[in-house]
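As structure tokens, the structure follows; a few thoughts come after it.
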Amino acid sequence: EAAVTQSPRNKVAVTGGKVTLSCNQTNNHNNMYWYRQDTGHGLRLIHYSYGAGSTEKGDIPDGYKASRPSQENFSLILELATPSQTSVYFCASGDAVFFGKGTRLTVV
Amino acid sequence: GEKVEQHESTLSVREGDSAVINCTYTDTASSYFPWYKQEAGKSLHFVIDIRSNVDRKQSQRLIVLLDKKAKRFSLHITATQPEDSAIYFCAASMEGQGGSAKLIFGEGTKLTVSS
């Protein structure tokens, strides 16, 4: 089964600080995704990628950047973290969308 | 853009009964409809999917129905068991650049199976 690994699993950040969430997949999938999950909103797509060097805006990209330096790695970057970005973030890969275990981010 | 609505936010059934979760979508171009299960405190994992070239698919106790005219699809769980208790998410894909799929999710249905 596809392995999608997220790090860190938990993060507390200060408002205005920079946060980088990392994702690694080992199944050579072209597509990778970053979602956030909030109560009442389900999963919302932030950014996605079709392959190395590609990043595309999802439905809620404001305040986030993404980077896909290689087939295996896809990062989500919060340049200036805000409390509204407190959430659980999921990385996923592949056409059937295999999910990582999630990162719980708290911005204080 | 595509919107996916999941009609039941919560659903309670007794063990052995069937559970049905309904979703609707807005974009007629959507062609792929997967379902995911999320147990408490855990990540999502894929359970079953259906593509627009068929209107029914079954995998053991899971049945997915697709009605393209009504833009509606549903997950039927038969002979429910307590371990079926979880949040279930439906999703729909819009084909994007290069044929890649951008999945849009519903808000989730919390299913509780009581014994």
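For the stretch B:80-103: of the residues being over 12 Å from the mean Cα position of the chain (by Cα), at the interface with chain A (Cβ under 7 Å from one of its Cβ atoms) and within 17 Å of B:K3 (Cα to Cα), which is modelled with the lowest pLDDT? Per the criteria, the residue is B:A101.
Report yes if B:V13 is more than 21 Å from B:N53 (Cβ to Cβ) and either buried (at least 16 other Cβ atoms within 10 Å of the Cβ) or basic (K, R) (or both), otherwise no. Criteria met by B:V13. Selection of the stretch A:50-108 for residues being among the aliphatic types (A, V, I, L, M), without any contact (Cβ under 8 Å) to a residue 60 or more places away in the chain and more than 10 Å from chain B (Cβ to nearest Cβ) yields A:A52, A:I60, A:A66, A:L76, A:I77. Residue count for the stretch B:41-63, restricted to those that are out of contact with any Pro (no Cβ under 7 Å at 6 or more places or on another chain), within 14 Å of another protein chain (Cβ to nearest Cβ) and crowded, with 17+ Cβ neighbours inside 10 Å: 5.
Please go through the stretch B:9-18 and pick out each residue that is of a type outside the set (G, A, S) and in contact with a Lys or Arg (Cβ under 9 Å, 6 or more places away or on another chain). Result: B:T10, B:L11. Against the test of being in contact (Cβ under 8 Å) with a residue 12 or more places away in the chain, under 23 Å from A:F98 (Cβ atoms) and under 10 Å from the mean Cα position of the chain (by Cα), the options B:I50, B:I77 yield a single qualifying residue, B:I50. Here A:G40 fits the description: within 14 Å of chain B (Cβ to nearest Cβ) and either surrounded by fewer than 20 Cβ atoms within 10 Å (Cβ to Cβ) or at negative phi (or both). Among the strands (runs of 3 or more DSSP E) confined to the stretch B:1-69, the ones with at least 2 residues that are farther than 21 Å from B:I87 by Cβ are located at B:56-59, B:62-67.
Restricting attention to the stretch A:65-87, the residues being over 17 Å from A:S7 (Cβ atoms) and under 11 Å from the mean Cα position of the chain (by Cα) number 1. Residue count for the stretch B:23-35, restricted to those that are more than 8 Å from chain A (Cβ to nearest Cβ) and either in contact with a Phe, Trp or Tyr (Cβ under 7 Å, 6 or more places away or on another chain) or crowded, with 18+ Cβ neighbours inside 10 Å (or both): 6.
Let's see how each residue does on (1) of a type in the set (S, T, N, Q); (2) within 25 Å of B:G41 (Cα to Cα); (3) modelled with pLDDT under 95:
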residue: A:Y33; (1), (2), (3): no, yes, yes
residue: A:G42; (1), (2), (3): no, yes, yes
residue: A:A52; (1), (2), (3): no, no, no
residue: A:G63; (1), (2), (3): no, no, no
residue: A:I77; (1), (2), (3): no, yes, no
residue: A:T82; (1), (2), (3): yes, yes, no
residue: A:G94; (1), (2), (3): no, yes, yes
residue: A:F98; (1), (2), (3): no, yes, yes
residue: A:V108; (1), (2), (3): no, yes, no
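For A:L76, the conditions (1) hydrophobic (A, V, I, L, M, F, W, C); (2) out of contact with any strand residue (DSSP E or B) (no Cβ under 8 Å at 6 or more places or on another chain); (3) surrounded by 13 or more Cβ atoms within 10 Å (Cβ to Cβ) all hold with the exception of (2).
The values are calculated or read from the model by the stated rules, or taken from the named source; none is laboratory data. The shown structure was predicted, so the numbers you read here are calculated from the model rather than taken from an experiment. Counting neighbours? That spans all protein chains shown, and the Cβs are built from the backbone with ideal geometry, glycine included.
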